[in-house]
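Here the structure is laid out as structure tokens; the discussion comes afterwards.
Throughout, read-outs are computed from the coordinates displayed, never taken from laboratory work. Predicted model only: the values in this text are computed from it and were never measured. Positions of Cβ are generated from backbone atoms using ideal geometry, with glycine treated the same way; all protein chains shown enter the neighbour counts.
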Amino acid sequence: MPFDIFVQVLLNGILLGGIYALVAFGLSLVYGVAHILNIAHGTLLAISGVFASLVYMHTGWHPLLIIPMIVVPIFAFGYLFHAGLLRPLASRGKHDETIGTVLITTGALIMMSDITGFAAGTQQRNIPVRSEMLEIGDIILPWSQIWILGGIVILTIALHLYLKYAWFGRAVRAVTQDPLGATICGVNGARARALTFAAGSGLVAVAGVLYALVYPVDPYMGFSLTVRAFTIIVVGGIGNLAGAMIAGLLLGVAEAFTAFLWSPKWAPAISVILLLIILVVFPRGLASWQKT
Amino acid sequence: MSRAAPLAISVAAALLVASVPAFAGSYISAIVFAMMISFVMAQSWDWVNGQMGYLNLGHYAFYGIGAYAFAILLTRGVPLVPCFAAGIFFGALAALIVSFPLFRLKGDYFAFATLAVVPLCELLANNFDGLTRGSDGITLPPNYVLIPAFYMVLTLAILTLCVTLWLMRSRFGYALRAIRNDEQVAEVAGIRLFPFKAATLVLSASFAGLAGAIQAWQFSYIAPNTMFNLGVALVPIAGALLGGSGLLLGPLVGMVLFASIEQALLTKMTHLRDAVIGLVIVLIGRFLPGGILRAKWIANHPVLSWLSRESHFEVKGEGGPAGERLPLSPQPVNAEKVVLACEGATMAFGGNVAVNNVSLTIRQGEIVGLVGPNGSGKTTLFNLVSGIYRPKTGRILIDGKDISQFRADEISHLGIGRTYQIPRPFLELTVRENIAIGRTFGASKVSLEEAMRTAGVFAAYVGLGGLLDRKAELLSLQQKKALELARALAAEPKLLLVDEVASGLSTVEIATFVKHIRDIRDHYGITIIWVEHIFSALQQVVDRLIVLDSGAVIADAPLHEAMRNEKVLSTYLGHASAEAK
Amino acid sequence: MSLLKIENLQVSHGPLQALWDVSLDIAAGEKVGLLGANGAGKSTTLGAVVGYYPVQSGCITFDREDETRSEVSQRLSRGMALVPEGRRLFTDMSVRENLEMGAYMSGPRRKLAESLEHVFSLFPILNEKQRQAAGTLSGGQQQMVAIGRALMSRPRLLLLDEPFIGVAPLIIRDVMDALAKIAAEGITIVLVEQNIHRALEFVDRAYVIENGRTILEGTRQQLLDDASFGAKMLGLD
């Protein structure tokens, strides 16, 4: 493979992996704090992307303006979804809680896809921003992708700093590690869980807008992203942002090279097969992450 | 309701369904056909969830694999019967393969990983287009087979119900329910987990595979997006949960209801059908944790209550020796024989060393008290001996055999029984079933029938004689502890580990318990290690005291010697005791 | 003057009733022990006082105000703090982050630096290890973090649940000394402890709880003199 093509594919993979990592952050935080595996997580990305594309088509606004338009309602939706449907399940036994969570989030996935498909059409869409090209030697990159990459880096660092230094960010980590310990420090666990669920939803909405800037979106593509995000947090560790970022980048790069060297149709298989292999090879490593 | 009535109703219902193609048109027959397929899917799924407690969201993958195996072979000219056999075989094979990674997971992780299998299958069906014709799908030669397919799936549905009934009453089924209630306790009770789990998944997948094959035959067209559709995949699951997972008739009732809702929607709506189905699924998840059949108004309804009844093993005639005598064969006591030896056993959690270089020897027929302050490592030591943990260093020998690397069920079969500090009976099962599970899967290895029949003797022995058919979750703390003792004894152990039984008991109750401990040793030759805080209880019966502090043995001596030991008094009892004397 | 008063407390964990009738009356500045066998209800009592377990009946009065039904955070801001059984540290967070979490409520947040200095003066070893993850510390040091974390909220009442479990014998002495210093600052202490000798060495007064009921109360000397007390505690009837 010529070097310039190698770099091009690598950069594509990094971009894709960065977006995957953003999706995984939300899933990981929510699972860590609230022990909810939100099967509709990736579908939130899909509908965010679809609606962002609609807004762009109708208004032609700058994507930076569209992001808050999408993120604020999705954040609010996430909060209400958790408060109204998921939080009441906590009083059940473990198995019944799992069943309730799975049914509610999967039912929501089906509803969101179908309603979005009905309202906005089932076809693939994107946000076709026009962008200058950056040329370094034989490598050609649109500036828009560089901005997206920069955005992902900034978001990741901001999230990391927030969790490390902000009082509420620390409270979220505390609830993840020891809910009782957090309660006796004065943290309101129920509020922390609902806000984290909302924040996770908002984060995936940002990822949705960024995704639609580069790749086509449709209302039904969400679940495959949830699968990727799950693989990423299994590899990177629950609540571990750095781990999720590395795992996300590796997955994105692996998919980009699979698509280029073999065939794009095999790229989505990597995450599931990787997941199953990891489960066979490192059961103990996994078990130690499952501190439930 | 008499015993014959359910059978009569079932036969009548089966005949009624069987007569559908004769008097109703093909439209109605096709609907009933589809309902039966869904029922087979829902019911076979519920063996894994309702009986074993594993939420498998990938059940539809086996259905699709069965359909593809059938269609691929049929289009290549293979006769019909081997094609159906292939549907079963490949469904089962796929289940066996995924068992290995999937059963390393539990709870929501398991659920999610199984769900990921469905899109993987869709992808494979799309990509191996040489075999599957990719997204075009496979069209079978046009054949009007609704009638034979109808009777075939009716037979399969009846078979599915029979298997469910068998599961609810067989030894195999009780292993699954023990796993569902408490997997770790089930393993310590002697149930080897993986074969049971894998066998159940394979069984359920073979039914799904056949259902898929029949569906493909009848519909004569299959494609990746219809066979592995996520929305479709959840319908039988939601149906089973709507009715009541784990109940004999739950999946049937739930699936009929769900399919009726679906039919009503199909005829009335042109758009947003999936959204309404999704909404129904959300509402089931939010409001019906136990399903409709567990609702109070049904359980208390004079006519409908039989629907929600749980099916249990039926005991034909109580049995076993009369009086206080337990049906255990007394073991010859050889006071020289070492039953248990720990050689430098160490166990650490992170930086916290819970058991530190412990060496001790227990001889046959001894009653040994194991004491020490909270956190001194007593329960961790029990967990090492019963195989819940493996020692980081050092060895543990039972009858001279190193068991450091044994699984808990293997250790149980060597004759180690135990109770738990916080009692862990199988909560959803009755007193009788708890004891019978201990007996049929433990070292004694008697049949389930025999174990069920003699369970009453063990229950009576620990004072639960009148509560045989009560569910364990309804017992008081002390009764649960008594039940655990009965469950452990029923397994016919050589060495019994008793973890804190006396706290919360009255003086009279303690005296009874002490008598039992002595009796167990004197009459049946069972060696006992007893962890206890209530000193007066130990004082009455133990030969020897082992004292742990911070994970290490600080004293190992006959009772009265140990109680005069200055170190023991200061670490465990405090000087106050010496002064109080 | 009474700081904490509990009357006829009843608490259940699901179907299981843990407390049947617990009554305590603790004056400001006292050091009081709660003694009793495993499962007697000592930890549940502390959990109910701090608001972690909901109360079925009875009442909890703290500094003349009724706190029976208030939120945990409300009770913390009024001056209660708990060192829970098993420490419950945030094991992946640093020692310093753990301590700072103790000052999560808005009042203590403003005095963060001062409180940290105070904790470090009590437990100098924590100052040295402040960047280390709490889960990597020894049992005794983890216990110091747990006590320090509780102190960060500037409590008037410190509830300690078996603070010597998993602490090496040599370190127990250090922790006891620190507790004595804390008490000397005027903080009221309630200590749940299994080792009667150790407990009576420290407290002025103690209650004995058996099967969810307070069955005995007395000063240190009274309890030491009372032969039936020792017998009761050991079950040496």
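Taking H placed 1.01 Å from N in the peptide plane, check which residues at least 5 places from residue B:553 or on another chain put their amide H under 5 Å from its amide H.
B:359
Ignore the peptide's own chain and count Cβ atoms of other chains within 10 Å of each Cβ in B:369-377; give me the average, rounded.
Numbers: counts 0, 0, 0, 0, 6, 8, 9, 2, 1.
Partner-chain Cβ atoms within 10 Å, mean over residues of B:369-377: 3.
Cα centroids of segment A:35-95 and segment B:333-356: how far apart, whole angstrom?
If you average the Cα positions of each part, the centres end up 54 Å apart.
Roughly what % of Cα-Cα distances in segment B:48-108 sit above 20 Å, to the whole percent? Write down the numbers at each step before the final one.
Working: 654 of 1830 pairs.
Summing the P(r) of segment B:48-108 above 20 Å gives 36 percent of all pairs.
Could you compute the net charge surrounding residue B:232? Neighbours are other residues with a C-beta less than 14 Å from the C-beta of residue B:232; K and R count +1, D and E count -1.
Around residue B:232, the charge tally is -3.
Under the classification rounded if a/c is under 1.5, otherwise prolate if a/b is larger than b/c and oblate if not, where does segment B:26-308 fall, given a ≥ b ≥ c as square roots of the Cα gyration tensor eigenvalues?
oblate
So how tilted is helix B:107-127 from the main axis of chain B? Cα-based, degrees 0 to 90, rounded to 10.
Compared with the principal axis, the helix lies near 30 degrees.
Rounded to the nearest 5, what % of DSSP beta bridges with both residues in the protein assembly as shown are antiparallel? Mind dumping the intermediate values first?
Details: 51 of 85 bridges.
In the protein assembly as shown, approximately 60 percent of DSSP beta bridges are antiparallel ones.
With a ≥ b ≥ c the root eigenvalues of the C-alpha gyration tensor of segment C:1-129, is it rounded (a/c under 1.5), prolate (a/b larger than b/c) or oblate?
prolate
At 222 nm, what helix-only mean residue ellipticity would chain A give, in deg cm²/dmol to the nearest 500, using -39500 (n - 2.57) for each DSSP H run of four or more?
-25500 deg cm²/dmol
Using DSSP, restrict attention to beta bridges with both residues in chain B and report what percent are antiparallel, rounded to the nearest 5.
Just about 60 percent of them are antiparallel.
I need the calculated FRET efficiency for the pair residue C:12 and residue C:201, taking r as the beta carbon distance and R₀ as 41 Å, to the nearest 0.05. Provide the component values of the computation, followed by the final result.
On the way: r = 34 Å, r/R0 = 0.83.
According to the calculation, E is roughly 0.75.
Counting helices only, and only those DSSP H runs with n ≥ 4, report the 222 nm mean residue ellipticity of chain C as the sum of -39,500 (n - 2.57) divided by its residues, in deg cm²/dmol to the nearest 500.
Helix-only estimate at 222 nm: -11000 deg cm²/dmol.
Tell me the net charge near residue B:471. Cut-off is 10 Å between Cβ atoms, residue B:471 excluded, with +1 for each Lys or Arg and -1 for each Asp or Glu.
-4
Under 5 Å between amide H atoms, partner at least 5 residues away or on a different chain: which partners does residue C:210 have, H built in plane at 1.01 Å?
C:215
Over segment B:338-580, what is the percentage of antiparallel beta bridges among all DSSP beta bridges, to the nearest 5?
Of those bridges, close to 60 percent are antiparallel.
How large is ³J(HN,Hα) for each residue in segment C:90-95, as worked out from phi by the Karplus curve 6.51 cos²θ - 1.76 cosθ + 1.60 (θ = phi - 60°), to whole Hz, x for Gly and Pro?
Rounded to whole hertz, the list is 8, 5, 8, 8, 6, 4.
Out of residues 5 or more away from residue B:57 or on other chains, whose amide H comes under 5 Å of its own, with H placed 1.01 Å from N in the peptide plane?
Long-range HN contacts for residue B:57: B:114, B:115.
Rounded to whole Å, give me the distance from the Cα center of segment A:109-188 to that of segment C:40-68.
43
From other protein chains only, count the Cβ atoms within 10 Å of every residue's Cβ in A:218-226, then give the mean.
Averaged over the peptide's residues, the number is 2.
Sticking with the crude label model, points 7 Å out along Cα→Cβ, report the distance from residue A:92 to residue B:171 in nm, one decimal please.
Between residue A:92 and residue B:171, the simple spin-label model gives 3.5 nm.
Let me check against my output: what whole-number percent is the relative contact order of chain A, with C-alpha pairs under 8 Å and at least 6 apart?
40
On C-alpha positions alone, give me the angle between the axis of helix B:80-102 and the longest principal axis of chain B, in degrees, nearest 10.
40
For peptide B:505-511, how many partner chain Cβ atoms fall within 10 Å of a residue's Cβ, on average?
Averaged over the peptide's residues, the number is 1.
Please turn the phi angles of segment A:190-196 into ³J(HN,Hα) values with the Karplus equation 6.51 cos²θ - 1.76 cosθ + 1.60 (θ = phi - 60°), one per residue in order, whole Hz, x for glycine and proline.
Calculated HN-Hα couplings, in order: 4, 5, 4, 5, 5, 5, 5 Hz.
Using the Karplus curve 6.51 cos²θ - 1.76 cosθ + 1.60 with θ = phi - 60°, work out ³J(HN,Hα) for each residue of segment A:2-8 in order, rounded to whole Hz, and write x for Gly and Pro.
Residue by residue, segment A:2-8 yields x, 4, 5, 5, 3, 5, 4 Hz.
Looking at the square roots a ≥ b ≥ c of the eigenvalues of the Cα gyration tensor of the protein assembly as shown, which shape do they give, rounded for a/c under 1.5, prolate if a/b is larger than b/c, or oblate? Provide the component values of the computation, followed by the final result.
Working: a/c = 2.02, a/b = 1.29, b/c = 1.56.
Cα axes put the protein assembly as shown in the oblate bin.
Looking at segment C:64-158, which GluC sites (Glu not before Pro) are in a loop (DSSP not H, G, I, E or B) and have at most 14 other Cβ atoms within 10 Å? Write out the running numbers ahead of the final one.
Values: sites: C:65, C:67, C:71, C:85, C:97, C:100, C:114, C:117, C:128; in loops: C:67, C:71, C:85.
Sparse-neighbourhood loop GluC sites (Glu not before Pro): C:71.
Helix B:59-75: angle to the longest alpha-carbon principal axis of chain B, degrees 0 to 90, nearest 10?
So the helix axis and the longest Cα principal axis differ by about 40 degrees.
Just to confirm my numbers, what's the Cα centroid distance between segment B:234-281 and segment A:192-231 in Å?
28
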